[in-house]
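Everything below concerns the one structure shown next.
The values are calculated or read from the model by the stated rules, or taken from the named source; none is laboratory data. Fair warning: this is a prediction, and the values are worked out from it, not measured in the lab. Every residue, glycine as well, gets a Cβ built from its backbone with ideal geometry; the counts of neighbours run over all protein chains shown. These area figures cover heavy atoms from the full protein model, side chains too; ligands, DNA and RNA do not enter into them. Shrake-Rupley method; radii C 1.70, N 1.55, O 1.52, S 1.80 Å.
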Amino acid sequence: MNSEIRQLQPQAIWNKFADLNAVPRASKKEERVIKFMIDFGHKLGLETFEDEVGNVIIKKPATSGMENRKTVVMQSHLDMVHQKNIDEETGMTGAMGLKGGLLSGDILLNLDTEEDDEIGVGCAGGVDVTASRNYKVEETPEFKIGFKIVVKGLQGGHSGMQIHEGLGNANKLMNRLLFDGFENFGLQISEIDGGGLRNAIPRESHAVVAIDAVHEEAFMLEIKELANDIKTELKTMEPDLVIEVTKIETPKTIMDLGVQEGLTRAIYAACNGVYRMSADIPDLVETSNNIAKVLVKDGQIKIACLTRSSVESSKWDLANMLRATFELTGCDVEFSGSYPGWTPNMDSSILKLMTELYKEMNKKEPHVAACHAGLECGILGQNYPDMEMISFGPNIRGAHSPDERAQISSVQKYWKFVQVILKRIPEKE
């Protein structure tokens with residue numbers, strides 16, 4: 001496969017892609033890709049250095065005859081999705097830690113949009129909302145029997161760009177099953193392990209539970225009916241959804257019943273998905289939340305959410321709603337990793353140039369839009385407020401999932417666009 005990639009045109013791009021793809025680069029484990037990029041810059045004879053948070057900065061002088069043009073910064077992230085079935089860009093620590101004064105550009109091109117006909121001019125900010133508490137572990141009574149419940153086969157996906165699509169959230173679906181089991185059969189929870197990283201819509205959830213042995217037949221019938229109802233509801237978006245219930249050895253311990261009641265009610269009540277659509281930009285999700293991770297084990301509960309919004313006040317409104325929901329069940333709630341959104345500048349010179357060039361090259365208008373994902377532009381804009389920023393990229397499908405892929409023909413279209421933009425950058429004022 002690697003040799004096939006290297007035969008694609010333009011080979012200069014695909015060879016570099018293959019070289020980079022051979023370097024492991026999970027977020028917070030970026031040492032090897034940092035070295036790769038530093039070696040890349042040094043081999044070109046360019047000024048190359050790493051800052052104190054792991055950003056790699058490579059500076060290239062103007063091409064002969066282009067000295068009077070505006071200086072361009074081209075920016076992207078070094079890390080990638082590492083998901084067994086994602087800590088990509090989580091926390092955006094590189095952008096957050098980039099100090100003012102290191103960059104000296106007039107225009108920033110963020111190479112991170114996932115549709116090749118789109119020119120990005122704005123994005124959502126975000127904040128991590130984490131609820132946690134301890135609970136009393138109790139021995140499972142003798143008359144209980146054990147079951148393992150598994151929700152799997154969901155598509156997953158990006159918790160910003162795809163939050164409006166109606167995709168299933170494994171944590172919400174699992175909670176629905178657990179809530180029903182308790183209401184009807186006194187189900188008690190031993191363990192829950194659902195979801196993963198905050199910027200991925202959770203694909204799977206696993207739970208170990210106990211019920212009264214006398215209810216076994218009725219429980220299996222009820223949960224099968226509920227599972228069928230859920231599959232019917234989601235059949236269009238989640239045709240591969242699987243809900244399995246398997247009898248297992250009875251777990252030795254279960255969680256305190258009072259805490260369990262509060263937990264399942266809080267997860268049921270907590271907002272997941274779109275909270276508010278933008279009143280100013282058609283079809284743009286303004287504010288949303290992803291219940292990304294639910295972990296219940298060994299006397300500890302942890303629920304991890306990522307709340308996003310292009311409006312800062314709305315972001316904190318939803319974050320406080322979640323805080324209130326989880327605090328009502330005795331959880332401590334922490335806000336962390338907050339980053340701002342990127343406010344669109346519809347009058348920027350680079351937007352006008354790229355719009356004209358796209359029309360010239362493709363004989364149609366580009367889609368100028370803000371997105372509901374987190375891009376580095378809003379963060380970088382805090383220290384570089386005068387820098388005009390644009391985000392664009394080739395077609396990417398299945399982002400933040402094991403099926404992530406780039407369209408070859410779109411990469412070729414994108415590369416031509418990049419070259420023409422750099423040739424036509426306007427002169428300094």
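What to note about this one:
- Carbon and sulfur %, accessible surface of segment 293-371 computed with the full protein complex present, 1.4 Å: 49 percent
- With all protein chains kept in place, the per residue accessible area of the chain amounts to 49 square angstrom at a probe of 1.4 angstrom.
- Bridge type composition, the chain - antiparallel percent by DSSP, nearest 5: 85 percent
- In a reduced charge model with +1 at each Lys and Arg Cβ and -1 at each Asp and Glu Cβ, segment 28-159 shows a dipole moment near 360 debye about its Cα centre.
- Positive-end residue, segment 223-300 charge dipole about Cα centroid, Cβ charges, pick of Gln260, Ile243, Ala279: Gln260
- Debye log10 I(q)/I(0) at q = 0.12, 0.13 Å⁻¹ for segment 100-230, Cα point scatterers: -0.64, -0.71
- Packing rank of 120-129, 41-50, where each peptide gets the mean count of other beta carbons within 10 Å, highest leading: 120-129, 41-50
- Ranked by the mean number of other Cβ atoms within 10 Å of their residues, highest first, the peptides 361-371, 233-243 come out as 361-371, 233-243.
- Qualifying lysines (Cα of each under 26 Å from Cα of Lys70; at least 8 residues distant if same chain): Lys43, Lys59, Lys60, Lys99, Lys352, Lys359, Lys413, Lys416, Lys423, Lys428
- Nearby aspartates and glutamates by direct alpha-carbon distance to Lys302 (threshold 18 angstrom, same-chain neighbours under 8 apart not counted): Asp87, Asp128, Glu191, Asp193, Glu204, Asp256, Glu261, Glu327, Asp332, Glu334
- When only the Cβ of Lys, Arg, Asp and Glu is charged (+1, +1, -1, -1), the dipole of segment 223-294 relative to its Cα centre reaches about 260 debye.
- Ordering 99-111, 193-205 by mean Cβ neighbour count within 10 Å, with the highest value first, yields 193-205, 99-111.
- Dividing the summed helix terms, -39500 (n - 2.57) for each DSSP H run of n ≥ 4, by the number of residues in the chain produces a 222 nm estimate of -9500 deg cm²/dmol to the nearest 500.
- Here segment 306-412 is assigned +1 on the Cβ of each Lys and Arg and -1 on the Cβ of each Asp and Glu. Its dipole about the Cα centre then comes out at about 460 debye.
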